[in-house]
1. Normalising by the residue count of the chain, find the relative contact order in percent from Cα pairs under 8 Å and 6+ residues apart.
2. What lysines does residue 83 reach when the alpha-carbon gap must be under 30 Å and sequence neighbours fewer than 8 apart in one chain are set aside?
3. Which shape class applies to region 734-813: rounded if a/c is under 1.5, otherwise prolate when a/b exceeds b/c and oblate if not, where a ≥ b ≥ c are the square roots of the Cα gyration tensor eigenvalues?
4. Could you rank the peptides 558-565, 623-630, 835-842 by their average count of other C-beta atoms within 10 Å per residue, with the highest value first?
5. In Å³ and rounded to a whole number, note down the convex hull volume per residue for the Cα atoms of region 161-200.
6. Would you mind checking the tilt of helix 807-819 against the longest principal axis of the Cα atoms of the chain, expressed as 0 to 90 degrees and rounded to 10?
7. Would you work out the Kirkwood radius for region 1-67? I mean one over the mean of 1/r across all pairs of different Cα atoms, in Å.
8. When the Cα atoms of region 655-748 are enclosed in a convex hull and the volume is divided per residue, what value in Å³ results?
Amino acid sequence: MASPDFDEKTKRTAADRVGNHCTICDKPTHGPNENPKKATILGEAAHIRGRKPGVPRYDPGMTDAERADIDNVLWACRNCHGKFDKDYLLYSVEALCSLRVEAENRARERQCRLSESPVKPLLSRIQQKWCHETTNDDTYVRRHGAVSQLNAWFNEPGIRAISLTGIGGAGKTALVGHWLKVDNQDLAREVQGLFYWSFYVEKDVDQFLLAIINFFEEQGIDIKSGLDQTDPFGTLERHFPKLPPLVLLLDGLEVLQQAVSEGRAYGSFIDAKLRDLIQLVAYARLPWLCISTSRFPMSDLDHTPNTKCLQLVRLEEEEGAEVLNQNRVLGTEDDRRKVTYYLEGHPLALRIFAASLPRHLRTTPYQHLRNVFDGEVPHNQFLDKLFRLLNFYAGTLDSAQRSIIQALSLFRSPVPQRTLGIIVPKLTNKWAGEARSLDLTLTTELGRLVASGLVIRDRRATTNVYACHPIVRDYFRRDLLSQDDAGRAAIDILTSRPDDLGIQGASNLEPLLLACEALLLSGDVIAALELYVNRFKKGRVFLAGGLLTEGKRFYDAFERFAVDHPKTLANAQDPWSTRRKTNFDVIHFRNGAILFNILLGELADAEQLIKVQFLQIAGSGRAPTYNLQALLAFCRGNYATVPELAHSAVRAAMQTLYPTGVAELIQAKAHYIELKAFVLLGLGQDARKANKRLLEVRDQLDSAGGQILLELGQLWFASRRNRDSCSDAAERILSMISKLDEDYLALEARLLVAHWYILNQQPERLAGDLIAEVYRHAVKQSYPYPMISSLIMREYHAYYWGKPPSPYRLKQAATLAESNRMYGLQAEALWVQFLLEDNPKVRAAMHQSIEQLVNRLSYTTLSKIYPARAAKTRPQKRGRTPA
């Protein structure tokens, strides 16, 4: 009788047909041994249908010869062999046969690649630094069309930036990770390294830049000489022309975009330093390449040359079927295709489906789909489908897993396990006094959730950190806050123990912001207002610290709440004032949102909110909004419209019974901004009158912010007429800056003094230091207006003192100003470019373009603000003016 065991030839053939890789996990099964006469073989020939009665998948209708035939063999590593024999309900005969076909196809692809490309792939020959882990690599399914397009762009040296965008859960991170780690045989570019950073894990851009600098140091390239820890971008920029080209892979930029605008700004000014870095790469002499992923379109790249964008859409049906199969969903190919079609090929939805699939339905996935959707599979909206799935998935979780995901849902950034150890017991009474039991449960359940792909695990230094996928996070956060006791417990922890939670954010504001958002979601507006008054000092914390993104996030949350619950907020009076009660209504918080939109350069959002504001308020209540509208017009370069808006603010302020000093401060701001507009419009008499009106409110202004407006007004007005008389004003302004509680006003003051120093031929270092200080701070805090303005002034300063300027920087400033519709700054950048240009034909064309722009803006004093140097010699040095 024939034996049911495989002979050696059959075993060798089975191993050879899958390229000596495991059929299940695809790991190599053959390798060297310390004994030079031996090899280490970790693979085994396994039976698909069992070899004898009582073993998994035994088929009594087969003969022993058929059991020993090549058609019944599957080559697998020892771990996978034991796994599919023990879990025989999951690994059916059909599933194993399907896995064998896929493994042989992979081996065939490897063989073809080797025969066509005997040279080692590019990315195996260069230095690589993966600072964080990519996600879902073990269950990755190749997007053939996307990979082909990325390969073509990668191999085109003229292309310098590639962005991948798509809905949350589309698989962007998994795609770039697998593409560059595994599927990289067709890549060819003259680069010397690859550097990967995940902003999901670490949002601090300075830490990212320092890590790049350290990467170069590890390669023996010294660029740390003179490194300023507060300005790593400046160090990188100085050395950039001499650095070898890299592939920079920036993952999860939506984390930064989301902090700015939750998607309404669609990617503008995600972070000034990041944008500057991409600009450096785009204009570099060597073939650098920046690859970035984000849920939002990166509009900063719209005006950047040599860039491409790939939007990830739905998976094809065969790709989705494979995703399900990789996540242990069996059954027929047709069933998996039907599920893919209904869930619109969305990778995250497919993973949620797989995670929620009961064990007894793994071979009938379409039946599970019908069960989830009540026996019908209607073509409703995708998000409805997704949340229906999440509802079902949440119902399959035990209390431990549910509490863990709820705890993770409170955080935008990954947190360590010890953070969960603080919060999870507060959400459930299960582990009271059982620290060891809790730690073991957390470790076990986190491993299971990570395996499902719905919780992401990474490393921060030597510690594992965990995060929810944003879609899962938002769902379970709402779930948590719907529970009174558990939701309140989580908020109490966020507000009382921010230092203990291991949160990555803007200092200790992040947990407070999370708590405020959570309170508003739960409808507890009184507690949220208490945070606003006592912890955020009615918004002064954001303005004083230059925390624009955090301020916008806060005011946006309150503005949305006020729109949805106008009566609730109107009745929530300020109980913390001993002198009066003040209503924090929708107008108050919308004005805050408008201001932070303007400061962040999100002018279209600010414009829309102003329109909404004027529809809801009338008369004297419009005074602060008129001032904001005037500020918006000034940033746009619409100087001719500024005076009338400022007058409207003054008239409205005078008609309103504001507390002492408030009306005067509104008037001072209005007079100051109209003074600036009159100066730029060349209307000297009107500027004199505005300056006089500004001085008339001097005695009613007791704040540093109000007093410095008077000095800035003097410098704006007098410096264009009698420059020598401004020396005292410049000194007073610099002495007052440290007392300001409005960071953006301090930046404007420094730039104005620096401009006066340049025009008065003061020692160049005084102006240079002030400009550099403004630029560094504006880049760090993402202030677009002062950042662009300081870029222009830095190059004008170099030109005026006979130093080599940077035409690239001016081109960048002009591009940024135009893309953000800051046309006054665009005119200034073009004018300074014109001053630097030597070619007569180019100068003539540039002058015509500038004239058209200036005529549209009525910006008549451009040549006075940035006058041409009298001769190509350095200005004569004068005595040092104290700063």
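1. Values: 1320 pairs, mean separation 68.4, N = 883.
Result for the chain is 8 percent.
2. Cross-link targets: 9, 11, 27, 38, 52, 181, 338.
3. oblate
4. Output ranking for 558-565, 623-630, 835-842: 623-630, 558-565, 835-842.
5. Numbers: hull volume 4.0 nm³, N = 40.
Per residue, the Cα convex hull of region 161-200 comes to 100 Å³.
6. Helix 807-819 sits at roughly 90 degrees to that axis.
7. It works out to 13.7 Å.
8. Output value, Cα hull per residue: 102 Å³.
The values are calculated or read from the model by the stated rules, or taken from the named source; none is laboratory data. Keep in mind the model is a prediction, meaning the values are calculated, not measured. Using ideal geometry, Cβ is built from the backbone for each residue, glycine included, and neighbour counts are taken over all protein chains shown. Heavy atoms of the whole protein, side chains included, go into the accessibility calculation; ligands, DNA and RNA do not. Shrake-Rupley method; radii C 1.70, N 1.55, O 1.52, S 1.80 Å.
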